[in-house]
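So the structure is just underneath, and the comments pick up after that.
The values are calculated or read from the model by the stated rules, or taken from the named source; none is laboratory data. It should be emphasised that the depicted structure is a prediction, and the values quoted were computed from it without experimental measurement. Backbone-built Cβ (ideal geometry, glycine too); neighbour counts: all protein chains shown. SASA here: full protein model, heavy atoms, side chains in, ligands and nucleic acids out. Shrake-Rupley method; radii C 1.70, N 1.55, O 1.52, S 1.80 Å.
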Amino acid sequence: MTQFLILGVLLVLAAVYISWRAGRLDRLHIRLETAREALDAALVRRAAVCMELAASRVLDPATSLVLAAATHEARTAGPDEREHAESDLSRTLRAVMDQERFRERLAETPAGAELMEELDTAVTKVIYSRRFYNNAVGVTRQAQRRWLARTLRLAGHTEYPAFFEIDDAEPEAFSQQS
């Protein structure tokens with residue numbers, strides 16, 4: 001009788017532990033989806049600000065056209081091309097912002113200070129959102145790789161989430177401002 005009681009307690013403890021692990025994995029997937037939505041929102045916001053900058057008439061026509069084209073590519077890219085298109089937008093934006101006297105010329109326009117602040121905020125949000133998302137991917141992948149999760153298929157049929165790798169280095173103009 002004692003053996004059955006001990007076995008029953010062990011089974012209940014194992015079931016509680018397995019349920020806890022499954023719940024944790026579910027919460028990690030929810031966190032991952034939330035982080036992905038925040039990253040997508042940050043990328044869309046950055047693209048909107050870049051398009052506004054391209055249309056601001058502060059830049060020369062060729063630079064405006066290049067920035068608008070890179071922004072359009074980033075906004076319309078499919079899932080397979082998105083990382084590449086966003087990296088291109090980052091490099092284009094960096095080239096635009098690192099032009100000589102960019103901040104001064106922008107500040108001289110009526111809405112320039114506000115646009116520069118929006119641009120700084122949008123670029124920074126992309127950087128932090130991507131880091132947060134990639135951190136969530138790493139934690140989720142680690143949890144999915146544990147032997148219990150693999151053996152009991154606690155993650156169901158979900159695939160390992162993919163990291164979002166883009167070139168999102170800050171423009172030099174960011175490091176020069178105080």
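When only Cα pairs below 8 angstrom with a gap of at least 6 residues are kept, the chain shows a relative contact order of 31 percent.
Note on ALA14/GLN142: beta-carbon distance plugged into 1/(1 + (r/R0)^6) with R0 of 25 Å gives a FRET efficiency of 0.70.
Distance between the modelled labels on THR121 and TYR160, one decimal in nanometres: 3.8 nm (7 Å Cα→Cβ projection). Rg of the Cα atoms in region 54-178, relative to 2.2 N^0.38 Å, amounts to 1.39. For ARG27 and THR2, a Förster radius of 30 Å and the Cβ-Cβ distance give a FRET efficiency of 0.20, rounded to the nearest 0.05.
Under the simplified labelling scheme, the VAL66-ARG101 pair shows an inter-label distance of 1.9 nm, with each label point 7 Å from Cα along Cα→Cβ. To the nearest ten degrees, helix 2-54 and the longest principal axis of the Cα atoms of the chain are 10 degrees apart. Computed from Cα positions, the angle between helix 112-145 and the longest principal axis of the chain comes to roughly 20 degrees.
For the chain, the solvent-accessible area with a 1.4 angstrom probe is 62 square angstrom per residue.
Relative to the longest principal axis of the Cα atoms of the chain, helix 82-97 runs at roughly 40 degrees. Computed extension gain for THR151 through ALA111, at 0.36 nm per residue and net of the alpha carbon distance, reaches 8.6 nm.
Measure off, as a whole percent, the carbon and sulfur share of the 1.4 Å-probe accessible area of the chain, all protein chains present. C and S atoms contribute 58 percent here.
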